[in-house]
1. Residue B:691: within 14 Å of another protein chain (Cβ to nearest Cβ) and either in contact (Cβ under 8 Å) with a residue 12 or more places away in the chain or part of a helix (DSSP H, G or I) (or both), yes or no?
2. Out of B:625, B:648, which single residue is under 24 Å from residue B:487 (Cα atoms), modelled with pLDDT of 90 or more and either touching a strand residue (DSSP E or B) at 6+ places or on another chain (Cβ under 8 Å) or assigned by TED's automatic domain parsing to the domain that holds residue B:684 (or both)?
3. Which one of the conditions (1) modelled with pLDDT of 90 or more; (2) over 40 Å from the mean Cα position of the chain (by Cα) does residue B:550 fail to meet, given that it meets all the rest?
4. So which residues in segment B:274-287 are outside any strand (DSSP E or B) and either modelled with pLDDT of 90 or more or buried (at least 18 other Cβ atoms within 10 Å of the Cβ) (or both)?
5. Does residue B:686 qualify as being surrounded by fewer than 21 Cβ atoms within 10 Å (Cβ to Cβ), outside any loop (DSSP other than H, G, I, E, B), within 14 Å of chain A (Cβ to nearest Cβ) and in contact with a strand residue (DSSP E or B) (Cβ under 9 Å, 6 or more places away or on another chain)?
6. Does residue B:456 qualify as being free of Cβ contacts under 8 Å to residues at least 12 places away in the same chain, touching a strand residue (DSSP E or B) at 6+ places or on another chain (Cβ under 6 Å) and at negative phi?
7. Which numbered condition in (1) within 27 Å of residue B:524 (Cβ to Cβ); (2) surrounded by fewer than 18 Cβ atoms within 10 Å (Cβ to Cβ); (3) within 14 Å of chain A (Cβ to nearest Cβ) is the only one that residue B:589 fails?
């Protein structure tokens, strides 16, 4: 394998269709280039993890997948990102529609200052789902999907801010699930959480994978090793290696990957 | 809501953890400190502790001082105001028997007092005596003087500042007496020197029938008198003298008999200050109004029945200003009567009873009006003296003398005392402390029927050119003006400021925002006196001229902006991308300036086409709006200009302080920026926007200079945007120079201040409570 610049890093031995296809992508914050010629294939209904040291561009890439970087003044993208074969950066793409298909959970736990119910119903209501029964149904299913239902079903109308940190993060997952996405992006979802909450979320990821494609950015290599099927390693804006998780952690093809996963730098 | 706050562990946890994190390093640090460093560590810790304590003390003292000074201001205002409502007080100061003999005759006596209440005179049985009230002694000079050899059967005292008295004698002649008090200063000591002068007897009725009633009134044109004789005739006369009233010159007497069947029933007479109006009170409860403008041709104007009962009118008096008549009856009722407009009578007015006062237990024997205000005192034949005030419609004080019929009663010239003479020849002087008789809660806050008005009204008019004017201290026009000004200013400022803040915080590029925000905040640096000056002297006349254009703008500007926004959608994307450099704003500016200049240049066309050539007339005829140059519209612009920066700045801060990760969270769920704004940002920023509105409101309520200079300060109660108003604050500023220290106006102005204070204080308190609740509900961290 070409160590320096793999022209096309595809997940090997995948029998699945790629959900997301990233081709020759460069990304700039104003004059600063944040990502360099990224080529990557995210398989459907698998968990893909992006790892790498701080500032390596993994979160930037994640945010490109639902065009949240559009909000940053002066940001610019070259190349293509295809979701189900469609370029999401084409001018006629409805960004709001894209974002309902590609949900995201942030590192910083960010429930809205509303009730638990209103948080989950926020997304559906934006799409003019206003029937109470339908909303109740969506809220219950989403909370169940996020594994939170049993804990909050008696206090749906309490403030979301009254939940613990781990519960708040699962609420954010439920909120993302409520608009029925087929890709869920997770940007270091457990970095602010205690081990028990982390374990719950990791457990959750396994069930989520049955319905949707998950892309997770993590600092925690054990987490990546535990939960993901595929792992991409980023360094200074470049995708160094992308492969089966097992391979990345046991037999990496690149020296830098090995140094990183064995903890020689970080 | 409360339960939510109690149950919510979020903020509490946050605070608890914050405390931990701030304390933890300290403990850690000291326990791990190696011993060589411990000494310096201890010293620095001590200094730190000292600094901490010092800071705590300063904060504590500062906070406490603030609270105390605000409370102090409040208490001071309250104390100044409370005196308005304190009860009047009186004390009996002197009471002694005058030295007289013989039988008493009811009408034939009179008493009087000087303005310092040192000397009283008594005219009794043809004798005039001056008494020193301090010593209760007859003054040696001029002593007891006989003023008439024939018995005096009737005495009439003229109203006004001077002591003019007309006496009717048993042989049908009229004598004039004038008493004067002069102040003489010797070595800085004031002495009052009384003197009197007499005129020649004048014969009115050739029958020489004894005069039973007499009224007199000197005016510029001479002395008007009215007499009733025992023979049942009523005469009116005007005595004019070439060389002064009481000189030796020839006097010219023009007289006329009033031919009326009432003559035998007349019980009392009343002349006005000009000597042109005569009222006859009768024994059968009628008030007969004669017009004496042409003395040789008196006109009977009207006859008013005072009530159902055939109650005898025993006493009549005009309050100063000659508009209100106080009427006392045999049964002891005291009432105030005013001419009111009516279509029933020929003259267009009808004497109407407007107020009843506390009824005396006995027949009214004397009424004496105050020479200062609309107060008066009444006395009855059982020794009671009541003090009333007409405007306030209240009976302020009651004195219960010596149960002896009071024969005459005089209110001291300064309205700070009164003198009575009863049937036991007991001369009694009462001192009065009655500083604010016209103020009650009712006169301040409810509609009052003032003299010259046909209906009770809320009116503020604290002073006028004449002394006999009735002060009107209705607070509602001022409160109303304050609210009106605030409302119109907020109506303009709130949408502009809040929407501007929303646009700046949510949609504007960062570079542009960095310019726009400080520029708007600089608007607040403009002193309000400059704004008021510009508004009153430049903008108000300008607005008056371009009003049709302004009206057109209110329609065309929104339309053209909307059209521009629609047009923007069709601008090529490549050009739209330049939005970051404000191309859209530049285009918008061009559209705005263009629309405004088109409107301005077609001002006259609009006026002639839309308003029939004169918008003021059009407004008046179509809507009944009077257009004043200085009006609420000017204020809404000027005061709006003053409050926009405050509302804008605080709203913008609270909007841009909504955490970015909340925005991302919302956008990531597929919300458009507009949905994010309306469903999330506005809710999260609502405490901040709310307090921005309240602070703007408080500023507008208390604003003085702009409303002072640009409203015209007319205390009227109309919502029309085209006329002015007067606010509490401007009123204080306007009237402060006219308010003598400690006077009624002075204290009423303090009341205005107290109202303002209470108003802003409660608004701020309520706003803060609401803000806290909103924050507990909607703010995240």
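The values are calculated or read from the model by the stated rules, or taken from the named source; none is laboratory data. What you see is a predicted model, and the numbers here were worked out from it, not measured in a lab. Every residue, glycine among them, receives a Cβ derived from its backbone with ideal geometry; neighbour counts consider all protein chains shown.
1. The answer is no for residue B:691.
2. Within the list B:625, B:648, the selection yields B:648.
3. (2)
4. Passing the criteria: B:275, B:276, B:285.
5. No, not satisfied.
6. Yes, satisfied.
7. Result: residue B:589 passes all but (3).
Conditions tested, residue by residue: (1) within 14 Å of chain A (Cβ to nearest Cβ); (2) surrounded by fewer than 22 Cβ atoms within 10 Å (Cβ to Cβ); (3) farther than 23 Å from residue B:643 by Cα.
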{"residue": "B:701", "(1), (2), (3)": "no, yes, no"}
{"residue": "B:719", "(1), (2), (3)": "no, yes, no"}
{"residue": "B:732", "(1), (2), (3)": "no, yes, no"}
{"residue": "B:738", "(1), (2), (3)": "no, yes, yes"}
{"residue": "B:763", "(1), (2), (3)": "no, yes, no"}
{"residue": "B:773", "(1), (2), (3)": "yes, yes, yes"}
{"residue": "B:777", "(1), (2), (3)": "yes, yes, yes"}
